[in-house]
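Report on the following structure.
The values are calculated or read from the model by the stated rules, or taken from the named source; none is laboratory data. Computed from a predicted structure; not experimentally measured. In this analysis, Cβ positions are derived from the backbone assuming ideal geometry, glycine residues included, and neighbour counts consider all displayed protein chains. Just the protein is used for accessible areas: all its heavy atoms, side chains included, with ligands, DNA and RNA removed. Shrake-Rupley method; radii C 1.70, N 1.55, O 1.52, S 1.80 Å.
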Amino acid sequence: MSPKPAKPMPEALQKIINNAKELFAKLDTTKKLILGGVLLAVLVAFVALSGFASQKNKILLFKDLDSKDFAEVTKKLDALGYTYGTSDASMITVNPDERQEIITKLAQENMLPAGVSGWELFDIEKFTETQFDKDIKKYRALKGAIEKSLMTLRPIEKADVNIAMPEPDLFEANAYPVKASVILHFKPGVDGLSKKEIKGIVNLVARAVPKLKNENVSVADADGKIISDFEEDLEKEKLELRIVQEKLRIEEEERVKRLIDMRNTLRWYLGGEDRVDITRFEYVLNWDQETIQENEVSPVVAIQDNPETPYSELKLVEGNAMKVSSKETKEAFKGRGFTPDGPAGTEPNIPPGYKDTDYQKAEYQKEENINNYEFNKRVRDIKKQPWRVEKIALSVVVDGMWEKKEKADGTGFDRKYIPVSESDLKLVRKNLEAAMGYTRSRGDQISVISIPKDRTEQFLREDEEYQRQKAVRNMVVASLIILIILIMAVLVYRAIKKEIARRRRLREEELAAQQQMMREAALRVMDEGGAEVELSLDEKLRRELLENAINLAKEKPEDVAQLLRTWLAEEEQT
C-alpha cells in the first residue's frame, strides 16, 4: 500500500501565511526585533499561566481558630513538613490531597482543635456525595451551628444538641413533630440559669430548626435534670392561686351570710332599709392551722355516783391521787462513838478538848417515808379547723323618724325629725352583737350611731307627688261635676223636646179630628141630598184619599193595621 498523500493546506490559511511573510519581509531590523520580543513575552506568559493553572487549589483545614489552637496546629504542620496557607491567624488551608492525611496525623497526636463543625462542612464537596450524605451533613452542620451559638453564651461552657427529624409524610396531620434536646454544661461558679435565660435558649433552638416548636424543645443540665419544664412551677403557682381564691370565696360567703343576718335584724326592728346603712363590715379569717396538745388531770374516783338517787355517792380517793410506789427508811443508833486516832505509834491530831467531847454518850435516829402518787391524766392532741375568725369590725348608721303634717296652703308637708333614743341604739347594738358573733376578747369592734340622713330630694319628690295627686284629685272632681251637669242638661233637653212634640202632635190630632168631623158632616149632607157644598181641590183630593183608605181597610185590614203601627212608632220617636 502506498502512503496517503498529505492533505493540502486550506487556501485561506495559506493566503494568511503568505501575507504575514510578505509583511515580515517588508519590516526593517528594529521592527523585526520588537515583534520577536513581543512574541517571546506572549509565549513566556502563556507558559507561566499554564503552570499556575496546573497547580491544585488549597482547601480549608480549620477556620475560626483561637490563637492557642492556631499556634499549635501551625507549629505541628511545620514539624511534619506540610505546606499550608493561613488567613487572619484563624484559618488554615492545605493541599486537597494532603488534608485527610494531616487530619489523621493531628488526631494521632491529639491536636485536633476542640471547635465544633458547623456549616463549614459544606465548604468541601465531593463528586461521589449522595443525597443521604448531604442530609447527614446538613444535620451535622445544623447541630454544630446551634452548639456554637449556645457556647457563645456567657454562663455555658459546653452544649450538646440532638435533633430528631422524622421522615416527611404525605399528610402533614400524620407527620411526627420535630423535636430537640439540649444538654448544657455550665462554667465553674454558675449554678443555673434563670427562667428568662432558659426561655431564650429554647427560642434560639426552636427558631434555628425548621418546623420546630418551643414546646418540643427540652433543656437539661449536666445532671440530667430538665430545666425547661415550667409546667410544674406553673401548676404549683396555679394551685396556690386557686387556694387563695377559694379562701377569699369562703371568706366572702361567710361575710355575706352574716351581713344578710344583720340586715334582716335591722329591717325587722327598724321597719325598713332606708333608715339604716352598714357603712363598714370587715370579716377577717385566720387560715393558720393549729395543733394543740392538752394534758388533763382528773381525780381518782373510788365510788361512782348513782344517777338514780337524789343524793351523791361519789367518793374520791384520798388526796385525789393513786399511790403507785412508797419507800420507808428507819435508822437508830445508841452508844458511844469514837474517832480513830490513826496508825499505831502515832499521836492523834485532835485537840484534847474535842477528843473528850467526842467520846461522850451518843444517840442517832433517822426516819424517811417517800410516797409516789399518780393522778388520772388524759392527753389529747387537738387539731383546729383550717380557718377561724380573726376579727370582726362593724359600723352601722341609723336614721331617726320624720313626722309629716300637711301645710295649711296645701303645697306640701311640714316635717319634724325625731332622733333614735339611746335605749333603741343599745337594743340595736345588742342584736347586732348576737348576729355577728361579737367577742370582745378577740378584738371585735362594733359601732352603732344615729345620724340624720339627708332626705331633701326625697322630701321634694314627696311634695311634688302630693301636689300632683291633689291636682289630679281636683281635676277628677271638676270633671265629674261637669259630666253630671252635661247629663242633666241632656236629660232636660230631651224632656222638653219630647213635651213639645207631644203637644204639637195633640194639636195636630185635634185639628185633624175637627177637619174629619167637618168632612164627615159635609158628606152626610151630600148623601142626604141636601144643599150642595162646593169643595176645594184639596178637599176633593182628601176625599178621594179617604175613600181609597176606607176601601183598602175593608179589603186588606192587616196591611192597614201594620201601616198605622209604623206611623205611631215614628211619631213616638220624634
Look at Leu142 and say whether it is in a helix (DSSP H, G or I) and either surrounded by 16 or more Cβ atoms within 10 Å (Cβ to Cβ) or modelled with pLDDT under 80 (or both).
yes
Does Glu167 fit the bill of being of a type in the set (D, E, K, R) and loosely packed, with under 15 Cβ neighbours inside 10 Å?
yes
Looking at (1) assigned to a helix (DSSP H, G or I); (2) under 53 Å from the mean Cα position of the chain (by Cα), find the lone condition where Leu483 falls short.
(2)
Do you know which residues across segment 435-449 are open to solvent by less than 40 Å² (accessible area, probe 1.4 Å) and at pLDDT 80 or above?
Gly443, Asp444, Ile446, Val448
Residues in segment 48-63 that are modelled with pLDDT of 75 or more and either surrounded by fewer than 10 Cβ atoms within 10 Å (Cβ to Cβ) or polar (S, T, N, Q) (or both): how many?
0
Give me the pairs, please: first residue somewhere in segment 478-502 and free of Cβ contacts under 8 Å to residues at least 24 places away in the same chain, second residue anywhere and open to solvent by 100 Å² or more (accessible area, probe 1.4 Å) and not aliphatic (A, V, I, L, M), beta-carbon distance under 6 Å, and either six or more positions apart or on two chains.
none
With the structure loaded, tell me whether Lys75 is modelled with pLDDT under 85 and open to solvent by 90 Å² or more (accessible area, probe 1.4 Å) or whether it fails that test.
no
Scanning segment 145-164 residue by residue, the ones that are open to solvent by less than 50 Å² (accessible area, probe 1.4 Å) and touching a residue at least 40 places away in the same chain (Cβ under 8 Å) total 6
Determine whether segment 194-204 contains at least one residue that is of a type in the set (A, V, I, L, M, F, W, C), open to solvent by 90 Å² or more (accessible area, probe 1.4 Å) and either closer than 18 Å to Ile163 by Cα or within 32 Å of the chain's Cα centre (by Cα) (or both).
yes
Of the conditions (1) modelled with pLDDT of 85 or more; (2) not in a loop (DSSP other than H, G, I, E, B), Leu193 satisfies every one except a single condition; which number is it?
(2)
Neighbours by Cβ (under 9 Å, 6+ apart or cross-chain): first from segment 65-87, polar (S, T, N, Q); second in a helix (DSSP H, G or I) and open to solvent by less than 40 Å² (accessible area, probe 1.4 Å):
Thr83/Leu77; Thr86/Phe70; Thr86/Thr74
Which one of these is among the aliphatic types (A, V, I, L, M) and assigned to a helix (DSSP H, G or I): Val476, Val389, Val448, Val396?
Val476
Criterion violated by Glu390 - all others in (1) exposed (fewer than 12 other Cβ atoms within 10 Å of the Cβ); (2) under 41 Å from the mean Cα position of the chain (by Cα); (3) not hydrophobic (A, V, I, L, M, F, W, C) satisfied:
(1)
Of everything in segment 171-193, what is closer than 17 Å to Ala145 by Cβ and open to solvent by 30 Å² or more (accessible area, probe 1.4 Å)? Give them in sequence order.
Ser181, Ile183
Filter result for Thr411 (modelled with pLDDT under 75 and surrounded by 11 or more Cβ atoms within 10 Å (Cβ to Cβ))
yes
Determine whether Lys453 is modelled with pLDDT under 80, closer than 29 Å to Thr265 by Cα and basic (Lys, Arg).
yes
Taking the criterion of being farther than 30 Å from Val389 by Cα, surrounded by 11 or more Cβ atoms within 10 Å (Cβ to Cβ) and without any contact (Cβ under 8 Å) to a residue 24 or more places away in the chain, would at least one residue in segment 212-220 satisfy it?
yes
Residue count, segment 416-434, condition open to solvent by 50 Å² or more (accessible area, probe 1.4 Å) and of a type in the set (A, V, I, L, M, F, W, C), comes to 3
Which of (1) modelled with pLDDT of 75 or more; (2) touching a Lys or Arg at 6+ places or on another chain (Cβ under 6 Å); (3) exposed (fewer than 11 other Cβ atoms within 10 Å of the Cβ) is the odd one out, the single condition Lys404 does not satisfy?
(3)
Need pairs with beta-carbon distance below 6 Å; first residue modelled with pLDDT of 75 or more and within segment 373-400, second among the basic types (Lys, Arg); sequence gap 6+ or separate chains.
Ser395/Arg280; Asp399/Arg275; Asp399/Lys453
